[in-house]
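The structure appears below as structure tokens.
The values are calculated or read from the model by the stated rules, or taken from the named source; none is laboratory data. Keep in mind that what you see is a predicted model, and the values were worked out from it rather than measured. With ideal geometry, Cβ positions are generated from the backbone for all residues, glycine too; neighbour counts draw on all protein chains shown. Only protein heavy atoms, including side chains, enter the accessible area calculation; ligands, DNA and RNA are left aside. Shrake-Rupley method; radii C 1.70, N 1.55, O 1.52, S 1.80 Å.
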There are 2 protein chains.
Amino acid sequence: MAAWSSSPSLRHLLLRPRLPLSPTCFAGSSRRHVHRHSRRRLFSTLTHGDTASTHCDGDGVVDVNPPRGTRDFPPEDMRLRTWLFDQFREVSRLMAFEEVDFPVLESEALFIRKAGEEITQQVSSIFFLYLPFSPPSLLLFSRKSVSLPLKWFTIGQCWRYERMTRGRRREHYQWNMDIFGVPKVRAEAELLQAIVLLFQRLGITSSDVGIRVSSRKVLQAVLNMYSIPEHLFAQVCVIVDKLGKLTREEIEKELMSTGLSSEAVRGIIEVLSLKSLSKLEEVLGSGVEAVADLKKLFSFAEQYDYADWICFDASVVRGLAYYTGIVFEAFDREGNLRAICGGGRYDRLLSTFGSEDIPACGFGFGDAVIVEVCHLLKEKGLLPDIPRQIDDIVFPLDEELEGPASSIASSLRKKGRAVDLVEDKRLKWYKYYFFPPFYISVTEISLLATTRVFKHAERINASRLILVGNSEWERGMVRVKILSTREEFEVKAGELE
Amino acid sequence: MAAWSSSPSLRHLLLRPRLPLSPTCFAGSSRRHVHRHSRRRLFSTLTHGDTASTHCDGDGVVDVNPPRGTRDFPPEDMRLRTWLFDQFREVSRLMAFEEVDFPVLESEALFIRKAGEEITQQVSSIFFLYLPFSPPSLLLFSRKSVSLPLKWFTIGQCWRYERMTRGRRREHYQWNMDIFGVPKVRAEAELLQAIVLLFQRLGITSSDVGIRVSSRKVLQAVLNMYSIPEHLFAQVCVIVDKLGKLTREEIEKELMSTGLSSEAVRGIIEVLSLKSLSKLEEVLGSGVEAVADLKKLFSFAEQYDYADWICFDASVVRGLAYYTGIVFEAFDREGNLRAICGGGRYDRLLSTFGSEDIPACGFGFGDAVIVEVCHLLKEKGLLPDIPRQIDDIVFPLDEELEGPASSIASSLRKKGRAVDLVEDKRLKWYKYYFFPPFYISVTEISLLATTRVFKHAERINASRLILVGNSEWERGMVRVKILSTREEFEVKAGELE
């Protein structure tokens, strides 16, 4: 924690103390505990967000919980996150996507412009903007000399400021997959396979989760039918995306307010209520691009063998204005949660910035909702219980044996074994109180080790316990205990593998 | 890129366009290239930092390079980063440390307090502060109910605002290891093994890199010798940390300015110039804690078998005020770069915040300098050339065979193989121009595939090429080509493994 530090930063830390350990927490216990509920709050400040109240107590101390909507990852949660990210990465590997990343400091310049150079020279802390929630690969893509097509993925943090709901946080991790340079529906078919492969790896079935698919071109065709001007398209999309969240009447009202005729509004809502592709073809006609695209995609779904996961639902338009073709979102079939992931084709995003367009499509898959899904399905054993994994615990039975114990731990680590070197104060206490300080055999000591260190070893899931005791060490030996079988034997220290 | 999006964010993106593709970049080439040097800059803004000049051209467009001091990670760099992080994680595993993480949004509250709730409701983007560059685990530690001792590591992004030098960036990744609850030098000995294990895994030897070790207690002892008041300790540390950067005269001048006698200043500089532990013992006396600690650590170094990596150097004090005991930093022996990593014991950081102290020590290891070291040692082959890895390329020789090709790709992926599904437009072009559109044998086509797709397959390091051609597919067969041996044979599609 040091190479990266400098005194102004420390000052900065001192100004924002977030260290809430109660002085009473540590009193009198050799096995110290920091209790979540005995936290002290130091200094006065504001918390933020929905409540906007001041979380201070009488002493004027800070609420040290993570900011609302953000998370700590203690070891057990971190193991789960690592496991989930490994699934993201494995699916990306199977799909032959390449991982990329990009700076989150994109907008520092903007702040500095506002704050003035002088301020930024003086304060060690610097503000920066939320990430734009756009295809991050696009930013990198625009800066790289590349040849098309490209299949890129990122796993990165995203931030936003908004009201929090279940599975919707201010800070989360998101797996993004994007394909650049493939104009055909084949690209969307690939993305959908990635999503389905992930679900399958997590043990989720098509009866737990489904993917609704439609195309922006459906809405486009309806607008054409009623000769609705092009500039209203994005606006209508945003309103229509609220279908299911607002009532039909509210949607109608909002659509009317854009200046559409009531006939057009009825027509839009009618088409967008369709759940059958053949019905859509009837209404729009088979020559329409939307229908051809969707039929092609559903035929791909058969070939890829994930047809049971996807369904046509004309009401899916996605909230973002930049989609141009196929759009999709995954949902839990019980309907308890918000969309698990979503995406689509955005062929015209580059021209928005005055450049030539590149065919592009992609999706974003947050970590929060999928973990909710897994929790809901936990009775199916979907969330693995990932224990800590340690190979050996090396335990010197005497303080003077710390040197040899270090040497043993060091050489086992060089052989690739995960080794914890422990010291149990209570064992020493037992030693001095229960046994007078004369010669103590390893057998006797290891009886105690069985009750204390053995329990510790079992808790952290170690596979071997290596006891370094005086009588054995004199002969260059150590005592090894296999935790699964409780088998115990002596080994030459140099011959430990 | 979509589930996480909302229209205000898109607006936000539109306001900060960073998409610099030149309209000419994509013209006329089926193999499109975005050239780094033909970037267009859209809209006017400021860049920031050392130059503070406005990087705009006549059209008033934005410089779309990553902000100064930050990095893009295109696939080839990302593979290197992943490789380095894997080394960090593997060493942490060997040392039985557990990974944790924590939010980077710690300080959102502060900003909101300054900006007012109203503003944050209106803008979709939100500023947040730089991370404090303190032991991040400490923050999490303070929020968790835990039992000591604890061995935690993090790999996370850090930001700072300062002048950039070689290997010193505004945004970087850092591997932190911290041990809480072990008061004895054994903890520092463990941390040093972790650092040495990492170097060894990277192929770096003790003749490339060394670790300078000292203790804050050395300076403390000198200050005691000259009866220098306690409150000057931190200030003296910060000045003394500049030894080697400033001249001896400048250091002397700075020390004098704190009010020290010239005798004390000479004494301090004399002791801090010592490079031998026995000499130190001579000057300070053997009863001094600093000497006992350091002797113990060097004896551990023998046991751990990394004594050749470390050396005593009294001038090492580290810049941060909060260290209390052993301090260390790794350096390249050629002396070209800044410290590779650094850390030490900080037993009294918690009491700074009014809580009871917990013994703690740790280090921070940035990704930037170590990559520099590896680059310098590249002639030794230390930086691996990590190619893209793909198992199979599935290649339909006809557009109508896209369906079967998808099906084959899909089933291979389910079997765990990394499969890229490709389409080569130029191959089709050959097909129509060189062969009239009558029956074309796969053998003929695969001759072309050898020249085009085969080259592609070799470039992306695929192991097999699976050709789906009409005449074979009619019999339910595909043609397989092993890229390493150039062996070619037919296989039943369903029997592909």
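The sole residue among B:Gly366, B:Gly342, B:Gly416 that is surrounded by fewer than 16 Cβ atoms within 10 Å (Cβ to Cβ), closer than 27 Å to B:Arg79 by Cα and of a type in the set (Gly, Ala, Ser) is B:Gly416. Assess whether A:Asp293 counts as being surrounded by fewer than 17 Cβ atoms within 10 Å (Cβ to Cβ), part of a helix (DSSP H, G or I) and modelled with pLDDT of 95 or more. The answer is no for A:Asp293.
Look through the stretch B:472-489, keep the residues that are closer than 15 Å to B:Phe395 by Cβ and not aliphatic (A, V, I, L, M), and return whichever of them is most open to solvent (accessible area, probe 1.4 Å).
Step one: of the stretch B:472-489, the residues closer than 15 Å to B:Phe395 by Cβ are B:472-473, B:477-483, B:488.
Now narrow it down to the ones that are not aliphatic (A, V, I, L, M): B:472-473, B:479, B:481, B:488.
Details: B:Glu472: 6, B:Trp473: 84, B:Arg479: 45, B:Lys481: 19, B:Glu488: 67 Å².
Looking at the filtered set, the residue picked out is B:Trp473.
Contact map, the stretch B:470-497: residues that are assigned to a loop (DSSP other than H, G, I, E, B) paired with residues that are open to solvent by 70 Å² or more (accessible area, probe 1.4 Å) and of a type outside the set (Gly, Ala, Ser), Cβ distance under 7 Å, separation 6+ or inter-chain. Pairs shown: B:Gly476/B:Lys492; B:Leu483/B:Glu458; B:Glu497/B:Lys415.
Pairs meeting the criteria (first residue in the stretch B:310-334 and under 18 Å from B:Leu191 (Cα atoms) and more than 14 Å from chain A (Cβ to nearest Cβ), second residue of a type in the set (Ser, Thr, Tyr) and open to solvent by 10 Å² or more (accessible area, probe 1.4 Å), beta carbons under 7 Å, at least 6 apart or on different chains) are B:Phe312/B:Ser276. For the stretch A:216-247, the set of residues classified as within 20 Å of A:Phe312 (Cα to Cα) and open to solvent by 70 Å² or more (accessible area, probe 1.4 Å) consists of A:Gly244, A:Lys245, listed by residue number. For the stretch B:370-408, taking the residues that are open to solvent by less than 20 Å² (accessible area, probe 1.4 Å) and at the interface with chain A (Cβ under 8 Å from one of its Cβ atoms), the one that is nearest to B:Glu495 (Cα to Cα) is identified as B:Pro404. Could you go through the stretch B:215-222 and let me know if any residue there is small (Gly, Ala, Ser) and in contact with a Lys or Arg (Cβ under 9 Å, 6 or more places away or on another chain). Taking every residue of the stretch B:215-222 in turn, at least one turns out to be small (Gly, Ala, Ser) and in contact with a Lys or Arg (Cβ under 9 Å, 6 or more places away or on another chain).
Residues checked against (1) among the β-branched types (Val, Ile, Thr); (2) part of a strand (DSSP E or B); (3) under 25 Å from A:Ser92 (Cα atoms):
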| position | (1), (2), (3) |
| --- | --- |
| A:Ala301 | no, no, yes |
| A:Asp308 | no, no, yes |
| A:Gly319 | no, no, no |
| A:Leu349 | no, no, yes |
| A:Ala368 | no, no, yes |
| A:Asp392 | no, yes, no |
| A:Phe395 | no, yes, no |
| A:Glu402 | no, no, no |
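Can you find a residue in the stretch A:284-295 that is within 14 Å of another protein chain (Cβ to nearest Cβ) and either of a type outside the set (Phe, Trp, Tyr) or more than 30 Å from A:Ile358 (Cβ to Cβ) (or both)? Taking every residue of the stretch A:284-295 in turn, at least one turns out to be within 14 Å of another protein chain (Cβ to nearest Cβ) and either of a type outside the set (Phe, Trp, Tyr) or more than 30 Å from A:Ile358 (Cβ to Cβ) (or both). Scanning the stretch B:209-246 for residues being at pLDDT below 85, outside any helix (DSSP H, G or I) and more than 21 Å from B:Gly362 (Cα to Cα) gives a total of 4. The lone criterion from (1) modelled with pLDDT under 90; (2) more than 24 Å from A:Val182 (Cα to Cα); (3) crowded, with 17+ Cβ neighbours inside 10 Å left unmet by A:Leu320 is number (2). Only a single item in (1) without any contact (Cβ under 8 Å) to a residue 40 or more places away in the chain; (2) open to solvent by less than 30 Å² (accessible area, probe 1.4 Å); (3) within 14 Å of another protein chain (Cβ to nearest Cβ); (4) over 19 Å from A:Glu188 (Cβ atoms) is not met by A:Val265, and it is number (3).
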